[in-house]
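What follows is one structure encoded as structure tokens, with my remarks underneath.
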Amino acid sequence: MSKEIIISIISDLHCCHSSAKDSKSSTILFSDKLREPTIEHPIEALKKMINHEALKADYLFCPGDLSDKIDIQGLISGFNFINEIKNEFDCPLFITTGNHDIDSRRKYKEFTSAVYPTKYFTSSYPSKNTLEKQNYWADGYYIFEDANSIILNLNTSHESLNEEDAKKIQIPKPILQRIDSDLKSRDTSKVLIAQFHHHPIKMSNSKLEYRDNDVIENGDKLLEMLIDNNCDLVIHGHKHIPMLTNHNNLPIFSSGSFSSLQNVAEHSGFNTFHQIKLIPNGKSKNLKIKTWIYTMTRGWKQSADPYFWFPPNTGFGSRENVVNLIDKVERAMTKKEKMNFTDFLKEIPEIEFLTPYEQEKLETELKKKSIEFVPKLPLNPDYLTNYSKNG
Amino acid sequence: MGKIIFNARYNSISKIVDSFIENDHYLELITDSNSIISGPRGCGKTTLLKMLTPEAIEIAKEKNLNIQTPSFLGIYIPADKQWLIQHQNIEKKITEKEKYEPIILSLLNANVIIAILNSVRQLINSIECEKEIKVELEFKFIKQIKYTFDLPNEFPNTISSLKLYIYKIVNELNISINKFYYKFISVDEISFNFLSFIDCSFIASSIHDIYYTTINNQELKNSNSPKWALCFDELEISPNWLVKKIIKINFRSANQNLLFKLTATPNADLFDDERYVSKAQIEHDFNIIPCWIYNPTSGKKWKSFCENYILKKYSIENLEEILLKHKFNDAMRYSEKQLKGVTNHSDFREGSILWRILKDLAAEDNDLHDYLVRKEIDPENPKDNSLTSDSVHRKIKPIICFRYYFGKSRSRKAATLLYYGYEYFIELTDGNPRSLLRLANLYDRHLKLKEIVPLQVQANYIYKFAISNYNDFVDDPLGYSNKDYSLKSLIDDLGFALHNIIVKDKFTADPVTSFKLSSSDPAHLRKLVEYGLEIGVFQLVENISIKKIRDITDKKIRLSYRLYPYFNIPKRVYKEKSIMKILKSDFSKHPNLFENGSH
């Protein structure tokens, strides 16, 4: 891979008709929502922001849950909404199936199977390509490849055909083997991104609680296989809370929910839209992650709060540990009261690829030495200052 | 609809600018002098002050609103409720002035600095230059502030960091006050800070100098350095000595950089020294802007304000066409449909409804009968003529209408049909923009459609309006509800007493509708009246002399017109009487009223 790749992520729309039961506490995206005022419609507001900020993307990812509780109107409208955004970027769309997109509780008795509405609500879900579609419904995945990238689109709800099975998310061993074999036959120099709905490793809901029974049971095996195939990035949805995990140097990005309120409202969090830039760095890739949050009054904006919910600008892939970086920064600022951030990056470029945890730790430690980024690192600093040198 | 429909304190500047109507108060306020805006709650003081801020001026310019802008920049300083809490906490504990004053000064100065920093933030943002230059300007500005005030080098040179530092030291002060309050430390151990011993005008003036010097050093085009007006809102909640101090120190000193714009309640105690006030006035050191209706001129200005508001919001040029002209004649014809044989003549012509009412009343009421005889009017045929039309008939018209309407034991529906019409719409809001919005909201549907509002519908709206005003006043959290005799008791007693005077007591052509306090009245009663003036329950019927602004003894005061339809009192000012004499029949029920002793 020689070129930078930008991907956009819209996850967990949970779209439904406003008359659906408990809809108002579940989501902010309704199939019957009026398009004006544009700022109050998450899709219209996003289109406005994309145009205003002239955002570009090479791929658009949607890691599941277009609909809320398999609301068929929500499924249809959610799919149309996501295609509107795809058209804005004019790029390929990769969409996978979430637990809310499958009728595992058999709400619709008139259909012959749990996947019937998901399979047939349109002819182009999850892909217009017949072979990809066949593979997806037959084996629960398909692999896309173009000049730069390989994308694994995996359906972790493939086996959730009834309520009982939906509680145990598992990738059948033969399918894991088949994916492994498919990936091994591909060009390893290309960027490899894997997308699925459920989380492959356990995630806590809050600091005090740890209720997590819908993790992919053999997620460890899935990740092992992906690492073995030099995967560059894993994207999933389902948890609704944005989070970045370093799993043996493989970045696992849990996308925030685009419009569902579940697990968001109770944390006083925000709905999010993300863009990740993958930047080649030798054999691996560095990441820059931008996040926008949504409010009905301001539309999609980057947060002014550096560390609440998810940093508006963060990264992954710094090869320098934080302790070493602190030393480097301190040395760079020994005799300086102030240093332009652009100049500073020329000296220590690794700073741009710190994870949220690393960013906060670095800032905390530097502050003890009277050195601060202004504004904070996730807010794109203007400069770095050593205020012990004032005067 | 919530109770508070408009409060400028909680509204964005943009909303305030959108709904702003330039009036004489504003034009007086933007003069290049110190000012005191005086008026009860809801009279628009906060709106006026917020209109002076750079943000408001910017928005008004952007939207091409035809609003005159001041030559200075307003720094809006909201009162910090912390003052009041801390003041109450420590006033009983610390009696020594030199230990008590620095604490309150710190809190005031912190508020002033935060407000200035917020304004400087806006000013820097609005400069047309590269972002790097703005960043550099902010860096140098804060660096110089740190140097000038000898602040520690423990935070970056940014406005937000300086604000956090100010919050931190205020918090430390608050903690040490609480420690002192709970006797963990002595008064000498309270942690004072750099804000404790300096004057807010020195701080503001220094920051003004630093800001414009930094701008000039950056060689930005913006070479003028306008004065800053420190706009203190709700300063009345802070200790009295502090307000006096601000006025005394700042109003007379001719500071090149600063102006002071303060708000005060009508009865505020602002001046220690009458000689100073006279001198200051002569020298035009400041202007006092009374924001209530106290004479026909201020009434006319209010009328013009209301008309402009309705024109701006509903594009209605002639409100009288929609709301009708108020006529007792029409109101009585509508309400007394049972009276047969009356003609369509207006007012007191023979056979008209008012003639009939006066005749009927005079037949039953000896006092009215005698009064008419004294005025050489035949009680059997009380028609008007050129001699009596103005001097008698017009004067007693509201009284006889109210006496007839509520007379004997007639049961009446809640909404009184005597309240309707264009004049009532304007006058019942009593110079209070917040009330105007409340009443206009009730009429909203009709005003949008520009349709004539029937008399009975208007009476209903006005009654709803009066009830909501009454509930607001009697539910006021500071209305002394813990006392045996609360603000509610006073409002009720006074309202019902005035109603009875007009409607039930012996007829007089000049009944009591307003009251006066005397120096021997109970202290608690005086407090209630003062607080009532502050929140607008009562209105002064005159513009109080600046020399004795606080002294409301012997001043003519009335209930706000906003409450008249609740108590059914005719909207006209007749004579006044001692409040004790008006309320006397109720005092036996409230012995505690006298416990505080005489004033």
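The values are calculated or read from the model by the stated rules, or taken from the named source; none is laboratory data. Every value quoted in this text rests on a predicted model; they were computed, and no experiment measured them. Positions of Cβ are generated from backbone atoms using ideal geometry, with glycine treated the same way; all protein chains shown enter the neighbour counts. Protein only, heavy atoms only, side chains kept; ligands, DNA and RNA dropped before computing areas. Shrake-Rupley method; radii C 1.70, N 1.55, O 1.52, S 1.80 Å.
Checking the structure you have, find out if any residue of region B:201-210 is without any contact (Cβ under 8 Å) to a residue 60 or more places away in the chain, surrounded by fewer than 19 Cβ atoms within 10 Å (Cβ to Cβ), away from chain A (no Cβ under 14 Å) and on the phi > 0 side of the Ramachandran plot. The answer is no; no qualifying residue exists. Of the conditions (1) buried (at least 21 other Cβ atoms within 10 Å of the Cβ); (2) more than 11 Å from every other protein chain (Cβ to nearest Cβ); (3) free of Cβ contacts under 8 Å to residues at least 40 places away in the same chain, A:Met333 satisfies every one except a single condition; which number is it? A:Met333 satisfies all of (1) buried (at least 21 other Cβ atoms within 10 Å of the Cβ); (2) more than 11 Å from every other protein chain (Cβ to nearest Cβ); (3) free of Cβ contacts under 8 Å to residues at least 40 places away in the same chain except (3).
Just one residue in the set B:Asp370, B:Asp384, B:Asp378 is open to solvent by 20 Å² or more (accessible area, probe 1.4 Å), touching a helix residue (DSSP H, G or I) at 6+ places or on another chain (Cβ under 8 Å), closer than 23 Å to B:Arg572 by Cβ and among the acidic types (Asp, Glu); that residue is B:Asp384.
The number of residues in region B:146-164 that are within 11 Å of another protein chain (Cβ to nearest Cβ) and open to solvent by less than 30 Å² (accessible area, probe 1.4 Å) comes to 8.
The residue list B:Ile185, B:Ile177, B:Ile198 contains one member that is buried (at least 20 other Cβ atoms within 10 Å of the Cβ) and more than 14 Å from chain A (Cβ to nearest Cβ), which is B:Ile177.
Table: residues versus (1) in contact with a helix residue (DSSP H, G or I) (Cβ under 6 Å, 6 or more places away or on another chain); (2) at pLDDT below 95; (3) buried (at least 19 other Cβ atoms within 10 Å of the Cβ).
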site	(1), (2), (3)
A:Glu36	no, yes, no
A:His41	no, no, yes
A:Ala54	no, no, no
A:Ala57	yes, no, yes
A:Pro63	no, no, yes
A:Asp68	yes, no, yes
A:Asp71	no, no, yes
A:Gly74	no, no, yes
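Answer yes or no as to whether A:Ser11 is more than 18 Å from the chain's Cα centre (by Cα) and at negative phi. No.
Which residues, counting only those in region A:133-167, are under 26 Å from A:Glu4 (Cβ atoms) and open to solvent by less than 30 Å² (accessible area, probe 1.4 Å)? Scanning region A:133-167 gives A:Tyr142, A:Ile143, A:Ser149, A:Ile150, A:Ile151, A:Leu152, A:Asn153, A:Leu154.
Only a single item in (1) in contact with a His (Cβ under 8 Å, 6 or more places away or on another chain); (2) assigned to a helix (DSSP H, G or I); (3) not hydroxyl-bearing (Ser, Thr, Tyr) is not met by A:Gln134, and it is number (1). On the given criteria, is B:Leu494 surrounded by 21 or more Cβ atoms within 10 Å (Cβ to Cβ) and within 22 Å of B:Glu236 (Cβ to Cβ)? So B:Leu494 does not fit the description; no. Quick one: how many residues across region A:349-391 are surrounded by fewer than 22 Cβ atoms within 10 Å (Cβ to Cβ), within 14 Å of chain B (Cβ to nearest Cβ) and of a type in the set (A, V, I, L, M)? Result for region A:349-391: 3.
Name every residue in region B:412-444 that is among the charged types (D, E, K, R), more than 18 Å from the chain's Cα centre (by Cα) and open to solvent by less than 10 Å² (accessible area, probe 1.4 Å), in order of residue number. Don't jump to the end; show me each part of the working.
Step one: list which residues in region B:412-444 are among the charged types (D, E, K, R), which gives B:412-413, B:423, B:427, B:430, B:434, B:438, B:444.
If we keep only those that are more than 18 Å from the chain's Cα centre (by Cα) as well, we get B:412-413, B:423, B:444.
Residues satisfying the conditions do not exist here.
Scanning region B:135-144 for residues that are within 11 Å of chain A (Cβ to nearest Cβ) and either within 41 Å of the chain's Cα centre (by Cα) or free of Cβ contacts under 8 Å to residues at least 24 places away in the same chain (or both) turns up B:Val135, B:Glu138, B:Phe139, B:Ile142, B:Lys143, B:Gln144.
Number of residues in region B:435-463 that are closer than 12 Å to B:Ile322 by Cβ and touching an Asp or Glu at 6+ places or on another chain (Cβ under 8 Å) equals 1. What is the residue count in region A:1-15 for residues that are out of contact with any His (no Cβ under 9 Å at 6 or more places or on another chain) and either assigned to a strand (DSSP E or B) or surrounded by 15 or more Cβ atoms within 10 Å (Cβ to Cβ) (or both)? Number satisfying all stated conditions: 6.
If we keep just the residues of region B:114-134 that are among the β-branched types (Val, Ile, Thr) and closer than 18 Å to B:Pro226 by Cα, which is nearest to the other protein chains (Cβ to nearest Cβ)? Only one residue tops the list, namely B:Ile124.
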